[in-house]
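The values are calculated or read from the model by the stated rules, or taken from the named source; none is laboratory data. Predicted model, so just to flag it, every value in this text is computed and none were measured. Here the Cβ positions follow ideal geometry from the backbone for every residue, glycine too, while neighbour counts run over all protein chains shown.
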2 protein chains.
Amino acid sequence: MNVLIVEDDALHRSYLGDAVRAALPECNAVMETDNGRLGEIQARSLQAEFVVMDLQMSERNGIEAARTIWRERPDTKILFWSNYSDEAYVRGVSRIVPEGATYGYVLKSASDERLRLALRSVFLESQCVIDREVRGIQQKGLSSGHGLTDAEYEILLDVALGLTDKAIANRKKLSLRTVQNRLQHLYEKLGVHQDGGDVDSRFNLRARAVAVALLRRVLNASAVERAERDLQDELSWCPGKGR
Amino acid sequence: MNVLIVEDDALHRSYLGDAVRAALPECNAVMETDNGRLGEIQARSLQAEFVVMDLQMSERNGIEAARTIWRERPDTKILFWSNYSDEAYVRGVSRIVPEGATYGYVLKSASDERLRLALRSVFLESQCVIDREVRGIQQKGLSSGHGLTDAEYEILLDVALGLTDKAIANRKKLSLRTVQNRLQHLYEKLGVHQDGGDVDSRFNLRARAVAVALLRRVLNASAVERAERDLQDELSWCPGKGR
DNA sequence: GCATGATTTGCGGGTTCCCGCAGGACGTGA
DNA sequence: TCACGTCCTGCGGGAACCCGCAAATCATGC
């Protein structure tokens, strides 16, 4: 049984190594890697079946790494171990887990015991273990609260990338008005108004929406990075679009 | 000699505690705190003269904490210990150090020995110690490269907050055209064009500028948070503005 | 089948944005 | 003093954005 650890912080990495060895005495090898790109390569060459991964890494973040790992081997069991439960991360993870895959999401603030249990449940019992706090965020997205629907989240990403309404319409194969419609819903959900009955303190809704999404952690830099990469890919695939 | 440690990650905090005790055997007390707000309070009540602080903390980040600490006691010696050298952080720190204050900026990736030296230099010798990589970022801002001037950075923040041109003009006491002028410079510096010679892939410059600033780490969520707080303060000070 | 609600699309218009052109204010150096 | 560069400001116009009104489509459930 091989376990691959992908974590770019040295202290956390060694702590995690100890935790894995302690929780799973039956495992005979623990590999450690310090960034997402190496993680993908190692997972491929080791045929790793078990992975513990940080989400926020500089070189290539955990979500992207997990996506390619799962693409090549959908039965890989991955335990995400992250500092934050930003909606952007939670949503990013949910978006990429393959049908029927088993995974876990544990916060770094969890106790040693919780981490131990999660490791055993996910790797040995094939049980999904989602931190209660993370679970809360997931639910909020589904329920009717101020959670965004998928359509709204998608358009939020496009706006955050700086695309025009028309560009979004082309990309998503929608009419211009539909895009603007969704934008209106988005503004409403985020509680963004022009606001200035008076002279000052007026907002540009599209920019303001990105700002409050950022402040509320619905969006974060790494989500924007992923979206940007997707956009660039898309542009290079279809000729005649990239300028 | 009292040293106050402000760091929200438990592993890092204990590592830092050990490092401080090892580097400064002459110090007789080390206090540890796990978030920025508590850090401010402790610093005040302990009359702390020496502080080691993380920048990225959830409750209240290091820059804000340092700002209030320095405001009350400008001769406090602060060593920042951070994961990243994002331009946003570097600029944020430079912006708040009082005249003649001594401080340091060390990356978490630095060796034990570098940390030890920095602790001794800053606290005992009153020498500023700035990590070479961080130094590079600082320079880039000043030299003519694609670094932004202060005026451009300011307007970038305002745009990122979602203000309209007119609102920015009021806020900064400038004419509308001047604001738009600075925006043009900003777009140029960031290399943002309308870009779409063809049908698709057109950009909304103001939103795109925020996106690339985010991707290039010129901006980050915590910088936006600080700006937002300033904005809210300003609105509540001057009546008749906040709606 | 039919009512209800959510989505999509078109049209029209008021507002804001983006920017070229051009004139004025300020500082620096020859 | 004059020339030059940089910054601020006004004007005007084309494009993009924001949105109310309204019709058409689709899904769901009674």
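Answer yes or no as to whether B:Glu59 is surrounded by fewer than 18 Cβ atoms within 10 Å (Cβ to Cβ) and either farther than 19 Å from B:Ala223 by Cβ or free of Cβ contacts under 8 Å to residues at least 40 places away in the same chain (or both). No; evaluated as a whole, the condition is false for this residue.
Does B:Leu142 satisfy being within 16 Å of DNA strand D (Cβ to nearest atom), within 17 Å of the chain's Cα centre (by Cα) and modelled with pLDDT under 95? Taking the combined requirement at face value, the residue satisfies it. Restricting attention to the range A:217-226, the residues that are within 9 Å of chain B (Cβ to nearest Cβ) and either closer than 18 Å to A:Thr164 by Cβ or not aliphatic (A, V, I, L, M) (or both) total 4. For the range B:73-80, does any single residue satisfy the condition of being out of contact with any strand residue (DSSP E or B) (no Cβ under 6 Å at 6 or more places or on another chain), within 30 Å of B:Val212 (Cα to Cα) and either surrounded by fewer than 21 Cβ atoms within 10 Å (Cβ to Cβ) or touching a residue at least 24 places away in the same chain (Cβ under 8 Å) (or both)? No, because not a single residue in the range B:73-80 is out of contact with any strand residue (DSSP E or B) (no Cβ under 6 Å at 6 or more places or on another chain), within 30 Å of B:Val212 (Cα to Cα) and either surrounded by fewer than 21 Cβ atoms within 10 Å (Cβ to Cβ) or touching a residue at least 24 places away in the same chain (Cβ under 8 Å) (or both).
The C-beta contact set for the range B:169-186 (first residue within 12 Å of chain A (Cβ to nearest Cβ), second residue near DNA strand D (Cβ under 7 Å from one of its atoms) and of a type in the set (Lys, Arg), distance under 9 angstrom, 6+ apart or interchain) comprises B:Ala169/B:Arg177.
B:Val134 - would you say it is more than 13 Å from DNA strand D (Cβ to nearest atom), at pLDDT below 95 and within 14 Å of chain A (Cβ to nearest Cβ)? Taking the combined requirement at face value, the residue does not satisfy it.
Please specify each residue of the range B:8-40 satisfying the condition of being of a type in the set (A, V, I, L, M, F, W, C) and either under 20 Å from the mean Cα position of the chain (by Cα) or closer than 24 Å to B:Asp86 by Cβ (or both). Those that are of a type in the set (A, V, I, L, M, F, W, C) and either under 20 Å from the mean Cα position of the chain (by Cα) or closer than 24 Å to B:Asp86 by Cβ (or both): B:Ala10, B:Leu11, B:Leu16, B:Ala19, B:Leu38.
Against the test of being farther than 26 Å from B:Arg217 by Cα and either touching a Ser or Thr at 6+ places or on another chain (Cβ under 9 Å) or away from chain B (no Cβ under 14 Å) (or both), the options A:Ala29, A:Ala88 yield a single qualifying residue, A:Ala29.
Annotation for the range B:115-125: no member residue is more than 13 Å from DNA strand D (Cβ to nearest atom), at pLDDT 95 or above and over 30 Å from B:Arg21 (Cβ atoms).
Residues of the range B:14-53 being assigned to a helix (DSSP H, G or I), free of Cβ contacts under 8 Å to residues at least 40 places away in the same chain and within 18 Å of B:Ala118 (Cβ to Cβ), which ones? B:Tyr15, B:Gly17, B:Asp18, B:Arg21 - these are the residues of the range B:14-53 that are assigned to a helix (DSSP H, G or I), free of Cβ contacts under 8 Å to residues at least 40 places away in the same chain and within 18 Å of B:Ala118 (Cβ to Cβ).
Residues that are of a type in the set (Phe, Trp, Tyr) and assigned to a helix (DSSP H, G or I) were ranked within the range B:69-100; the one that is modelled with the lowest pLDDT is B:Tyr89. Among the residues of the range A:114-130, those identified as under 15 Å from A:Val97 (Cβ atoms) and touching a Phe, Trp or Tyr at 6+ places or on another chain (Cβ under 9 Å) are A:Val122, A:Cys128, A:Val129, A:Ile130.
I'd like the full set of residues that are near DNA strand C (Cβ under 9 Å from one of its atoms) and either not hydrophobic (A, V, I, L, M, F, W, C) or not assigned by TED's automatic domain parsing to the domain that holds B:Glu228 (or both), limited to the range B:180-189. Result: B:Gln180, B:Asn181, B:Gln184, B:Tyr187, B:Glu188. Does at least one position in the range A:41-49 carry a residue that is within 13 Å of chain B (Cβ to nearest Cβ) and within 22 Å of A:Tyr89 (Cβ to Cβ)? No, the range A:41-49 contains no residue that is within 13 Å of chain B (Cβ to nearest Cβ) and within 22 Å of A:Tyr89 (Cβ to Cβ). Anything in the range A:148-179 that is more than 9 Å from DNA strand C (Cβ to nearest atom), in a helix (DSSP H, G or I) and over 23 Å from A:Arg216 (Cα atoms)? List them, or say none. Answer for the range A:148-179, where residues must be more than 9 Å from DNA strand C (Cβ to nearest atom), in a helix (DSSP H, G or I) and over 23 Å from A:Arg216 (Cα atoms): A:Asp165, A:Lys166, A:Ala167, A:Ile168, A:Asn170, A:Arg171. In the range B:194-216, the residue that is farthest from DNA strand C (Cβ to nearest atom) out of those that are more than 8 Å from chain A (Cβ to nearest Cβ) and surrounded by 14 or more Cβ atoms within 10 Å (Cβ to Cβ) is B:Arg216.
Taking the criterion of being within 14 Å of another protein chain (Cβ to nearest Cβ), without any contact (Cβ under 8 Å) to a residue 40 or more places away in the chain and in a loop (DSSP other than H, G, I, E, B), the residues of the range A:101-113 that qualify are A:Ser109, A:Ala110, A:Ser111.
All conditions in (1) aliphatic (A, V, I, L, M); (2) assigned by TED's automatic domain parsing to the domain that holds B:Leu190; (3) crowded, with 20+ Cβ neighbours inside 10 Å hold for B:Ala169, with the sole exception of (3).
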